[in-house]
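Following: one structure in C-alpha cells, then a few remarks.
Taken together, the values in this text are just the output of simple stated rules run on the coordinates, not laboratory data. These figures come from a predicted structure and were not determined experimentally. Heads up, the Cβs are rebuilt from the backbone with ideal geometry, glycines too, and the neighbour counts pull from every protein chain shown.
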Amino acid sequence: MDALRGLATDAGTFLSRTRQYTEEKLGSAEKTELDAHFENLQQRADRTKSWTEKIVGRTEAVLQPNPNLRVEDYFNSKLDRRPKERENNYELLGIAMIESGNDLGPGTQYGAALVKCGTTQKKLGQLEKDLVNTSITNYMAPLRNFLDTDMKTINKEKKILESKRLDLDACKSKVRKAKSTENQKAPNNEDMVYNAEADLRLAQNEFDRQYEITKLLLEGVGSAHSNHLRCLQDFIEAQQNFFSQSQAALADLQKQLGNLPGSGPIRPPPPNLDGSVPSAKPYITGNGQMPVGNSMTRNAKVLYDYDAADSSELSLLADELITVWSAPGLDSDWMIGQRGSQTGKVPVTYLELM
C-alpha cells in the first residue's frame, strides 16, 4: 500500500508540473522569475561548458591529429584500458631514415646523414610523447573532470530547481484558485485555503533551499576558471619545453651534418700574396713527369664505383667526395682526381662536379 501511495503521489506531482509548464507556455499561468544575478551565473556556466568542450576537442586534435586514433584512445579511456603504445609520426620517420641509411651505407655521406637525421627524428618523437602525456595529465584531465563532474552536478541541480519552481508556481495557482470568488462560498473553502497555503509554504521552502544549492554551485564556476587558468599555464609551459628542446636537437643535428666529410660549403682556395689565383696541386703522371698550367681545383661527388685500370688512374667509391682538376693535354673525358695523398686520372662520366 505504501508503495502504491508513493507511486500515486509521484504521478500526481508529475501531472501537476506538466499542467503548470503547459499553462506557462500558453500564457495562462504565472511563472516565478529568477533574479538577474542568478541568470548571469547560469549564462556564465553555460558558456564555460560550451567553450570548454570546444577547447578540449581542439586540443585533442592538436595532440593526436589522427581522428581514428583519437576515437580508439577515447574508448580505451572509457573502458579503463591502458593506452596502446604506438610510434608517432616522428618516430616512424626516424625509423625509416635509420633503416635506409644503414642499407645505403652508413659509411657514405648520404647514409651517415640519414642515420643522424633519423636518430634526431626519434628524439623529436619522444619529446612529442612527453608533450602529449604532460598535456593530458595537467591540462586535458582537469578540463574533462570539470565537464564530467562539476557541470553534470550543476545541470542536475538546475533540473531539480526547475521542478521545485514548477511545484511552487502550481501551489501559488492553487492558493489563488482557493481564494477566488467562485470558491469562497464552498462549504469547505477555509480548509481548502488553509491546505493550499500550507502546501505553498512547503513548496517555497523547498524552492528556496534548492535555489541556494544551485546558486552556490554556479558561483563555484569562478573557481573553476582559476583552476583552468593554472592548467592552461602548465599546457603552454609544456609546449614551450617541447619546442625549445626540439630546436636544440635540430641545431645539434645541423652541426653534425656540417661535420660530415665534404658537407661544408665549397669555397675556392685563398689567393696568393700577389693576388694571383693558385694552381692545383701538381699531377705526377705514371712516368714521373708533371704537367704544367693546371686549372683551379673543384670538388666532385663520385656517382659510381670505378676500378683503376693502371697506376695512372684513381679507383673510386660511389658517394665519396674527391678533389678534381683539368690538366693540359688530358683527354676531355678524363680529369685528375685526388683523395688524400692519392692522385690519378678519373673518368668524367663517373663524377658530379660541385
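Panel order for Trp334, Trp51, by other beta carbons found within 10 Å of each beta carbon, from fewest to most: Trp51, Trp334.
Under the 0.36 nm per residue contour assumption, what length would be gained going from the current alpha-carbon distance of Glu53 and Ala141 to full extension? Before the final figure, lay out each step's value.
Numbers: separation 88, 0.36 × 88 = 31.68 nm, distance 1.23 nm.
Length gained, Glu53 through Ala141: 30.5 nm.
Seen from Ala248, the other residues with C-beta closer than 12 Å to its C-beta sum to a net charge of +1, counting Lys and Arg as +1 and Asp and Glu as -1.
Model label sites at Leu317 and Thr22, defined 7 Å from Cα along the beta-carbon direction, differ in position by 9.3 nm.
Residue exposure proxy: His37, His228, ordered by other Cβ atoms within 10 angstrom of their Cβ from fewest to most, comes out as His37, His228. At full extension, Lys156 and Asp208 could sit 17.1 nm farther apart than now, given 0.36 nm per residue minus the alpha carbon distance. Taking amide hydrogens as placed 1.01 Å from N in the peptide plane, the amide H of Leu351 sits under 5 Å from those of Leu303, each at least 5 positions away in sequence or on another chain. Annotation: amide H-H contacts under 5 Å for Trp334 (H modelled 1.01 Å from N, sequence separation of 5 or more, or interchain): Val348. Modelled this way, with points 7 Å down the Cα-to-C-beta line, the labels at Asn89 and Arg230 are 3.4 nm from one another. Summarising the amide proton neighbourhood of Lys345: residues at separation of 5 or more, or on other chains, whose placed amide H is nearer than 5 Å comprise Glu313, Leu314, Gly337. Taking the fewest neighbouring Cβ atoms within 10 Å as the starting point, the ordered list for Phe243, Phe235 is Phe243, Phe235.
Once both labels are positioned 7 Å from their Cα atoms along Cα-to-Cβ, the gap between Leu257 and Gln245 label points is 2.2 nm.
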